[in-house]
Amino acid sequence: MFKNRIGTMNDRKLLMSIFNKLLSHYGPRHWWPARTRFEIIISAILTQNVSWHNAKKALCSLRSAGLLTPMKIISSNHDVIASRIKSSRFYNEKTKKLKTFCSYLLDNYNGSLNKMFSKDMEALREELLTIKGFGRETVDSILLYAGKKLSFVSDAYTARFLIRLGLIDKSFDYEDIRKYFMDNLPKDLYTYNEYHALIVHHGWATCKAKPVCGECVVKRYCQHIKNLTP
DNA sequence: GTCCAGGGCCTAC
DNA sequence: GTAGGCCATGGA
């Protein structure tokens, strides 16, 4: 029954209304907080299942060692990279992922992100998803934040957010949620960029704030949604 | 000491 | 197909 509601005017208005509420409540998040496209991609890997704080420490360590180029990452010894990214947790696995991506970039696009991102978005998405260690969230983050492509990023926060609002149920998987946003949001990079960042920030903030926050945006909208839903 | 943070892969059932 | 284990740091 929920899936039939995709694309209704209510959903579109509601999503933008929630977006504006989150934006005015938390302010713009300015994602992705890295200096270059390559750094965004590297940090998308480093931040897998770890707080941004720890991922950033690992990124800065690579940067200070002058290792933030595809060639440097490939040519450096595994242990050298691993020791630099220990703070990002699972450093052995992540070292392999960094090397795998850099090899892919050099082999397929001569190391050029311009060439890589000039490819059709969905084709590139499918291609990136074949790289070991690159799941949907990581790939969509890379497409949106590094490639400036209209690929909405979903995650556990996003699913929980929509379920709490009553807009979807638990049968929605990652692709359903991505499609839900992409079908109902304006085709606008700023909105895609900030919406995901705001949901993550909101998830983090409400988690830290305990369930007593009287100003909780979601709670107010839960009631609002209940009034709208038949 | 315990919990959890901006995942994804692999294996057993 | 899916639940659960694995990876194994650092801050609160």
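No value in this document is a laboratory result; all are computed from the given coordinates. Since we're looking at a predicted model, the values are computed, not measured. All Cβ positions, glycine included, derive from the backbone under ideal geometry; neighbour counts span all protein chains shown.
What to note about this one:
- Estimated FRET transfer efficiency when R0 is 30 angstrom, pair residue A:72-residue A:182 (beta carbons, to 0.05): 0.25
- Debye intensity ratio I(q)/I(0), log10, the range A:37-146, q values 0.12, 0.14, 0.18, 0.20 Å⁻¹ (C-alpha model): -0.36, -0.49, -0.83, -1.04
- Distance histogram in 10 Å bins (all Cα pairs of chain A, percent per bin): 7, 31, 32, 20, 8, 1
- Computed from phi, the 3J(HN,Hα) profile of the range A:74-87 under the Karplus parametrisation 6.51, -1.76, 1.60 (θ = phi - 60°) reads 5, 7, 6, 4, 3, 5, 5, 5, 4, 5, 6, 10, 4, 5 Hz, with x in place of Gly and Pro.
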